[in-house]
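What follows is a single structure, written as structure tokens, with notes after it.
The values are calculated or read from the model by the stated rules, or taken from the named source; none is laboratory data. Remember, predicted model here, so these are calculated numbers, not experimental data. Cβ placement follows ideal geometry from the backbone for every residue including glycine, while neighbour counts extend to all protein chains displayed. Ligands, DNA and RNA are stripped out before the accessible areas are found, and what is left, the full protein with its side chains, is counted by its heavy atoms. Shrake-Rupley method; radii C 1.70, N 1.55, O 1.52, S 1.80 Å.
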Amino acid sequence: MQAASFDNYATHYDEHFTFSPVGLLQREAVYSYLIPILKKQQSVLEINCGTGHDAIEIAKKVKDVVATDVSEKMIQQCEAKKNGVNNVSFKARSIQDLDEEIKNVDFIFSNFGGLNCLSPQELSEFSIKCNALNKQTDLFFVIMGRKCIWERFYFKIKGDRTKANRRKSNEGVSTTINESEFKTWYYSPKEMERLFNTFKAQRISGIGLFVPPSYLNSFFANKKVLLKVVSFLDKVFCKFKWAADYADHYLIHLKKDN
Ligand SMILES: C[S@@+](CC[C@H](N)C(=O)[O-])C[C@H]1O[C@@H](n2cnc3c(N)ncnc32)[C@H](O)[C@@H]1O
């Protein structure tokens with residue numbers, strides 16, 4: 001179901017999310033921590049790379065990038081963006097099929113909820129493979145947590161209690177975007193730390209605490225001053241670890257704990 005759904009979404013994804021006001025602000029917040037920690041000699045594996053925006057940016061800072069996604073159509077979008085950047089390659093591969101790749105890289109990156117497309121069983125299997133790594137690989141994931149304040153507030157005032165509480169579910173939630181249906185599971189920072197237990201968290205920070213989730217793009221699109229205010233508030237409050245699970249996403253940077 002997941003691959004076919006994201007195939008349908010691939011041509012609209014950048015317009016809907018990557019280049020939307022909320023998408024730009026949330027990605028900028030991820031980069032403010034990600035870009036300074038990348039190193040020239042690193043080989044990076046990106047999983048669930050979507051339309052490839054991050055892979056191209058990361059490739060400018062590191063030795064090479066292999067960027068992967070389960071959706072063939074997403075990978076086609078990536079190829080069209082390469083534009084002379086030749087240390088990046090794109091492959092249509094699911095996270096579940098990357099056993100060899102994860103062993104040979106220095107840095108594994110997953111942005112904007114790709115890991116939320118994995119069921120608890122699938123995420124656990126992926127964590128077991130990462131926990132078994134012998135290399136000092138960095139893991140850097142951006143995940144949708146369980147307590148997003150915006151989501152609880154917005155759907156409560158709309159009278160939709162099911163959606164307001166959907167992130168608490170362990171069963172997976174069916175989501176439809178642009179007529180594509182896929183399943184999403186939410187994971188708290190504590191659950192991630194428990195799963196990736198041979199790693200130690202270097203940083204856990206909210207992404208989109210005052211900046212809202214992307215389904216509020218149309219409300220915020222023409223409100224430039226308001227966007228500046230919420231973005232400023234995120235810069236102040238997202239650095240506190242306790243705030244991470246209340247944001248739309250959070251980033252977690254893990255290093256092997258020796
Ligand atoms: C919300 S998008 C995020 C895309 C991109 N990382 C970004 O920052 O915009 C989630 C992506 O995960 C991919 N995906 C879903 N399940 C996957 C799986 N099992 N293996 C690899 N990619 C997967 C989808 O095809 C989609 O491109």
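Details
- Per-residue extension of 0.36 nm, minus the Cα-Cα distance of Lys91 and Ile157, leaves a gain of 19.5 nm for this segment.
- Share of carbon and sulfur in the accessible heavy-atom surface of the chain [1.4 Å probe, %]: 54
- Options Ile56, Leu209, Phe126, ranked by Cα towards positive dipole end of the chain, top entry (Cβ charges): Leu209
- Measuring gaps between exposed loop sites in the chain (trypsin sites (Lys or Arg not before Pro); DSSP loop; at most 10 other Cβ atoms within 10 Å), the longest gap, sites not included, is 41-157.
- Added length on full extension, which subtracts the Cα-Cα distance from 0.36 nm per residue, Lys239 to Glu15: 77.8 nm
- Helix 2-13 vs. the chain, principal-axis angle (Cα, 0 to 90°, nearest 10): 70
- Taking a point 7 Å from the Cα of Ala221 along the Cα-to-Cβ direction, the residues of segment 1-44 with backbone N closer than 12 Å to it are 15-17, 20-22.
- For segment 81-140 versus segment 211-255, the inter-centroid distance based on Cα atoms is 25 Å.
- The residues of the chain expose, per residue, 48 Å² of accessible area to a 1.4 Å probe.
- The GluC sites (Glu not before Pro) of segment 156-258 that meet both conditions, a loop assignment by DSSP and at most 11 other Cβ atoms within 10 Å of the site Cβ, are Glu171, Glu179.
- Remark: for residue pairs Lys40/Lys200; Lys147/Lys183; Lys40/Lys73; Lys61/Lys135; Lys91/Lys239, the C-alpha separation exceeds 27 Å in Lys40/Lys73; Lys91/Lys239.
- Neighbour net charge for Leu195 - beta-carbon separation under 13 angstrom, K R +1, D E -1: -1
- With at most 16 other Cβ atoms within 10 Å, longest stretch of the chain clear of loop chymotrypsin sites (Phe, Trp or Tyr not before Pro) (DSSP): 20-239
- Projected label points at Ser169 and Lys81, each 7 Å from Cα along the beta carbon direction, are separated by 3.0 nanometres.
- Phi angles of segment 243-256 translate, via the Karplus equation with coefficients 6.51, -1.76, 1.60 and θ = phi - 60°, into HN-Hα couplings of 7, 4, 6, 8, 8, 5, 10, 9, 9, 9, 10, 10, 10, 3 Hz per residue; Gly and Pro are given as x.
- Here Lys168 is the anchor, and the aspartates and glutamates within straight C-alpha reach of less than 16 Å, apart from those fewer than 8 places off in the same chain, are Glu151, Asp160, Glu191, Asp245, Asp248.
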